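S.K.: Take a look at this one; I'll ask things after.
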Amino acid sequence: MFKIEKRPTPSAKWNWGAPIVAVVLTMIFGGALFAVLNVNPFLAIEKIFYEPLFGEYSFYYRPQLLVKAGPLILIAIGLSLGFRAGIWNIGAEGQYIIGALCAAGLALAVYPMELPILFPLMVIAGAIGGALWGLIPAFLKTRFGTNEILVSLMLVYVAEQLLASMALGLMKNPEGMGFPGSRNLQQYPSANNAELIAGTGMHWGVVAALISVIFAYVVLSRHMFGFHLRMSGLAPRAAKFAGVNPTRMVLICMGISGALAGMAGMFEISGPAGQVSIDFNVGYGFTAIIVAFLGRLNPVGILLAGLLMALTYIGGEITQSQMGLPLAAIQVFQGMLLFFLLAMDLLTNYRIRPAAKEAV
Amino acid sequence: MGTPLLTLSGLTKAYPGVVANDDVSFDIQPGEVHALLGENGAGKSTLVKMIYGLVSPDSGRMALNGAPYTPASPNAARAAGVAMVFQHFSLFDALTVAENVALGMDNPPSTGELASKIRSVSDAYGLPLDPHRTVGDLSAGERQRVEIIRCLLQDPKLLIMDEPTSVLTPQEVEILFRTLRKLSAEGTAILYISHKLEEIRALCDNATILRLGKKVATCIPAQKTAAELAEMMVGSSLTPPKRVSQVSEEVALHVSGLNLAPAQAFGTSLRDITLTLHKGEVLGIGGVAGNGQDELLAALSGERLCAPSQIMLDGRPVGNLGPAQRRKMGLLAAPEERLGHAAVPDMSLTENALMTGVTRQGLAKGGWINWAATKGFAERVIHQFDVRTPGPHVAARALSGGNLQKFVIGREVLQAPHVLVVNQPTWGVDASAAAAIRQALLDLAAKGAAIICISQDLDELMEISDRFAALNEGRLTHARPAAGLTIEEIGLMMGGAHGMEAAHV
């Protein structure tokens, strides 16, 4: 019936058109899903995409957009570097947790001293913690040939156990009346990642995310490291021939993506989340994978995709509370976005044409 | 003559943008050895794919023994008595010969029965083969025998052979020809695809010559000279490369006692490789595919490392240095596989120029890429090596094999290497591009660079080499002056006929 044919050169039009078509298809099929759940699909889509930005309570939702997009973008930028080099770090969630724990641990250790240098030190601690957690699968891969997808994913669960242990034990608030969870860093000025401009949701993590976007863009398009990284992903053998050391590339990419995820965790725990608690992580590390691909692994694309994904998060919460949609339905909706994007991706490198009639 | 075995009339097949076969007609008689001659891209493969049922023609008819023949699949073709030996083997390395043969059968007999069948066919046709050996351990020539025996077990009326000798030593070619002549004497017709003219003159009764998808001539090859055949094939006369050999006494590259384990299973180990290369010299390295060519290139390019002093470049040890550092010192390379090794298919030509040109061309400062200069370098390669492409922004994968090869070789040649190592520089390249590439290599040598040309095309090696050596199971023979070497001597250097001790039929 139809034939799939490789394009001689990737289509620039579809490269940017695919995400748009994917969003539209997600709305159509997601809407159908909502309809089956007895929710008015048009209203639900409107609540997800329109209400947070322009609705009655947008003064509350708009800052949330940056608060949620910040970590998503920061993590996704790190992941995208690895993905472009063909290195699949799936464990950003774990690196995010460990970064947060390292930063919080540092702050809690010196509490209640007020040190101006504490916050920058926490950023560094978060980055180092995340990087080290990311380097575990990198080291195992380069040394023993293990699969970084599995190892990094499994380390997420290790990190979650560690988080729970910290929240219930070592880092528990001694003045917390026995409740699980650490002291609230929002009440510790030296360690607090406060809003920079009141009412915008802008905090240091958002600034870091924007810097990472610019950094990644410049490195990928203008620096030899970015060139080697892209080459490693497109043609590993050619990269090796050009002089790229594959082992070093794995270590660097896993280290960078771990460091950025760790920093995201640090900004979160010292700001919006405030304390080490059992349910500190909410899946940013996994959602960032979708953001990275939705943004075509392109820094600017990731910036936009992060904002879009944050929107579906907030809109999802609205539909949950106002329309009674189950959380799972929202997660399916987000999953659809990735699914359709990957499906549409085919059109960048291939075209579909009616098959020629076979002569008999 | 009676009824032709196979009649082709007016076969036409078009692909988007190219007519692969345009109104091709000819007959093959029972027992005839018929050559299909043409350059790469002349439409030979498409034509045999139609006969073998892999592709159906847009128009035109085929008849087998006078009856209409429209194979819908290779299975149908095999059932009708048409068998084919492909240029690239479809064998599983980890299985034995008998198991591989069984995989291609609809109702395979028991292994023991099959093994004795394989033995009897291999004895009858002088193709010695142990059915219980693992294919991964066989030489290319032996693997081809597996494919041939697999076909012969079907008792075919027409046997199609696609470039069968590209993987054989001259001695093995002789054995193959004896087998084919025997088959032909028994009435099996053979359609023999090649661009090797001397072979066709020696073996084939008739030849059909294709150029750009059209049949341009038929002839009796024995009555034509190789030059006449080449002219019919290319459509114009070719000027052989001019060479002014100026080999100096100065050593450019010295490799001594190089041993290297294979990087993957069924790869070839390099064993005690020793060679000396002088400035201005072209060293041709022959050998059947899979005897260590890729490994030797990787060891010289720096993709595989060894002890520092095992490779000396201009008197300095480089064995432990990676590709970028060796490039900086003047040792450049162009691997065989264009897409994915020598070039990144999904990157533009500009980016591909940056890939190996960055250091010697000064295309980056402190790691920051100068894209304008890189584009300029890519344009110089495109211009000077006549690469047919709309411009340097085009992805490498969009170029034809010959054009990309010119780009890859040009990219290295323009960087003024002290030593250039190339593997299969004209593989899959049309004759005029091949001539241009060979000329560029000779010009580079004339300017004092030393060149190692690894190739399976013996004619090419004889044309451009000052000295000749051969790789055989990872060992390199002593290099001998190329002038005056006979084809027998070359064959013996390449290891003679693998596994033929028992089989002087």
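The values are calculated or read from the model by the stated rules, or taken from the named source; none is laboratory data. Quantities reported herein were computed from a predicted structural model and do not represent experimental measurements. As a convention, Cβ positions derive from the backbone with ideal geometry for all residues, glycine included, and neighbour counts pool all protein chains shown.
S.K.: Looking at region A:85-101, which of the residues that are surrounded by fewer than 24 Cβ atoms within 10 Å (Cβ to Cβ) and either touching a Pro at 6+ places or on another chain (Cβ under 6 Å) or among the hydrophobic types (A, V, I, L, M, F, W, C) (or both) is nearest to A:E148 (Cα to Cα)?
M.R.: Result: A:W88.
S.K.: Please specify each residue of region B:371-404 satisfying the condition of being more than 11 Å from every other protein chain (Cβ to nearest Cβ), part of a loop (DSSP other than H, G, I, E, B) and out of contact with any helix residue (DSSP H, G or I) (no Cβ under 7 Å at 6 or more places or on another chain).
M.R.: B:G391
S.K.: In region A:180-232, how many are away from every other protein chain (no Cβ under 14 Å) and of a type in the set (K, R)?
M.R.: Here the count works out to 1.
S.K.: If I go through region B:166-192 residue by residue, how many of them are within 15 Å of B:Q29 (Cα to Cα) and of a type in the set (K, R)?
M.R.: Residues in region B:166-192 being within 15 Å of B:Q29 (Cα to Cα) and of a type in the set (K, R): 1 in total.
S.K.: Same structure, new question: Please work out which one of (1) closer than 19 Å to A:P71 by Cβ; (2) in contact with a Pro (Cβ under 7 Å, 6 or more places away or on another chain) is the condition A:K172 fails and give its number.
M.R.: With respect to (1) closer than 19 Å to A:P71 by Cβ; (2) in contact with a Pro (Cβ under 7 Å, 6 or more places away or on another chain), A:K172 is out only on (1).
S.K.: Within region B:10-123, considering only strands (runs of 3 or more DSSP E) that don't extend past its boundaries, which have at least 2 residues that are modelled with pLDDT of 85 or more and β-branched (V, I, T)? Walk me through it before giving the result.
M.R.: Details: elements: B:18-28, B:33-37, B:59-64, B:82-85.
The qualifying strands (runs of 3 or more DSSP E) are B:18-28, B:82-85.
S.K.: Given the structure, is A:A242 in contact with a His (Cβ under 8 Å, 6 or more places away or on another chain) and more than 28 Å from A:A208 (Cα to Cα)?
M.R.: Spelling it out, A:A242 is indeed in contact with a His (Cβ under 8 Å, 6 or more places away or on another chain) and more than 28 Å from A:A208 (Cα to Cα).
S.K.: Still on this structure, I have one more. For region B:405-436, what are the residues that are of a type in the set (F, W, Y) and assigned to a helix (DSSP H, G or I)?
M.R.: Scanning region B:405-436 gives a single hit, B:F407.
S.K.: Of all residues in region A:10-51, count the ones that are surrounded by fewer than 15 Cβ atoms within 10 Å (Cβ to Cβ) and of a type in the set (V, I, T).
M.R.: 4
S.K.: Which members of region B:47-83 meet the condition of being within 14 Å of chain A (Cβ to nearest Cβ) and in contact with a Phe, Trp or Tyr (Cβ under 8 Å, 6 or more places away or on another chain)?
M.R.: B:M62, B:P71
S.K.: Tell me, please, whether a residue that is touching a Phe, Trp or Tyr at 6+ places or on another chain (Cβ under 7 Å) and aliphatic (A, V, I, L, M) can be found in region B:184-192.
M.R.: No, because not a single residue in region B:184-192 is touching a Phe, Trp or Tyr at 6+ places or on another chain (Cβ under 7 Å) and aliphatic (A, V, I, L, M).
S.K.: Still on this model: Any idea how many residues of region A:83-141 are over 26 Å from A:E195 (Cβ atoms) and of a type in the set (S, T, N, Q)?
M.R.: Total satisfying the criteria: 1.
S.K.: The conditions are (1) closer than 12 Å to B:I454 by Cβ; (2) without any contact (Cβ under 8 Å) to a residue 12 or more places away in the chain, and B:V282 fails exactly one of them. Which is it?
M.R.: Answer for B:V282: the failing condition is (2).
S.K.: Sort out which residues of region B:269-299 are β-branched (V, I, T), crowded, with 22+ Cβ neighbours inside 10 Å and more than 24 Å from B:V413 (Cβ to Cβ), and write them in order of number.
M.R.: Those that are β-branched (V, I, T), crowded, with 22+ Cβ neighbours inside 10 Å and more than 24 Å from B:V413 (Cβ to Cβ): B:I273, B:V288.
S.K.: Quick one: is B:Q415 touching a Lys or Arg at 6+ places or on another chain (Cβ under 8 Å), more than 11 Å from chain A (Cβ to nearest Cβ) and at pLDDT 95 or above?
M.R.: Yes, satisfied.
S.K.: Taking region A:233-243 on its own, how many of its residues are surrounded by 24 or more Cβ atoms within 10 Å (Cβ to Cβ) and more than 7 Å from every other protein chain (Cβ to nearest Cβ)?
M.R.: Total satisfying the criteria: 1.
S.K.: Kindly check whether there is at least one residue in region B:26-45 that is of a type in the set (S, T, Y), buried (at least 17 other Cβ atoms within 10 Å of the Cβ) and in the same structural domain as B:E186 (by TED's automatic domain parsing).
M.R.: Filtering region B:26-45 for residues of a type in the set (S, T, Y) gives B:45.
If we keep only those that are buried (at least 17 other Cβ atoms within 10 Å of the Cβ) too, we end up with B:45.
Of the ones still in play, those that are also in the same structural domain as B:E186 (by TED's automatic domain parsing) are B:45.
Taking every residue of region B:26-45 in turn, at least one turns out to be of a type in the set (S, T, Y), buried (at least 17 other Cβ atoms within 10 Å of the Cβ) and in the same structural domain as B:E186 (by TED's automatic domain parsing).
S.K.: B:G302 - would you say it is within 14 Å of chain A (Cβ to nearest Cβ), surrounded by fewer than 20 Cβ atoms within 10 Å (Cβ to Cβ), under 24 Å from A:F227 (Cβ atoms) and not polar (S, T, N, Q)?
M.R.: When the stated conditions are applied, B:G302 does not pass them.
S.K.: Taking the condition of being within 19 Å of B:N40 (Cβ to Cβ) and crowded, with 18+ Cβ neighbours inside 10 Å, how many residues in region B:214-231 meet it? Show your work before the answer.
M.R.: Filtering region B:214-231 for residues within 19 Å of B:N40 (Cβ to Cβ) gives B:214-217, B:226, B:229-231.
Checking the rest, the ones that are also crowded, with 18+ Cβ neighbours inside 10 Å come to B:215, B:229-230.
Of the residues in that region, 3 qualify.
S.K.: Is there a residue in region A:257-270 that is of a type in the set (D, E, K, R), more than 23 Å from B:L349 (Cα to Cα), in contact with a Pro (Cβ under 8 Å, 6 or more places away or on another chain) and part of a loop (DSSP other than H, G, I, E, B)? Steps first, answer last, please.
M.R.: In the first step, residues of region A:257-270 are kept if they are of a type in the set (D, E, K, R); the result is A:268.
Still in the list and also more than 23 Å from B:L349 (Cα to Cα): A:268.
Narrowing further to those that are in contact with a Pro (Cβ under 8 Å, 6 or more places away or on another chain): A:268.
Adding the requirement that they be part of a loop (DSSP other than H, G, I, E, B) leaves none.
Looking through region A:257-270, none of the residues is of a type in the set (D, E, K, R), more than 23 Å from B:L349 (Cα to Cα), in contact with a Pro (Cβ under 8 Å, 6 or more places away or on another chain) and part of a loop (DSSP other than H, G, I, E, B).
S.K.: When the residues of region B:326-370 are filtered to those that are assigned to a helix (DSSP H, G or I) and more than 8 Å from every other protein chain (Cβ to nearest Cβ), which remaining residue is surrounded by the fewest Cβ atoms within 10 Å (Cβ to Cβ)?
M.R.: B:K328
S.K.: Name the residue that is farthest from A:N298 (Cα to Cα), counting only residues in region A:1-28 that are more than 14 Å from chain B (Cβ to nearest Cβ) and among the small types (G, A, S).
M.R.: A:A22
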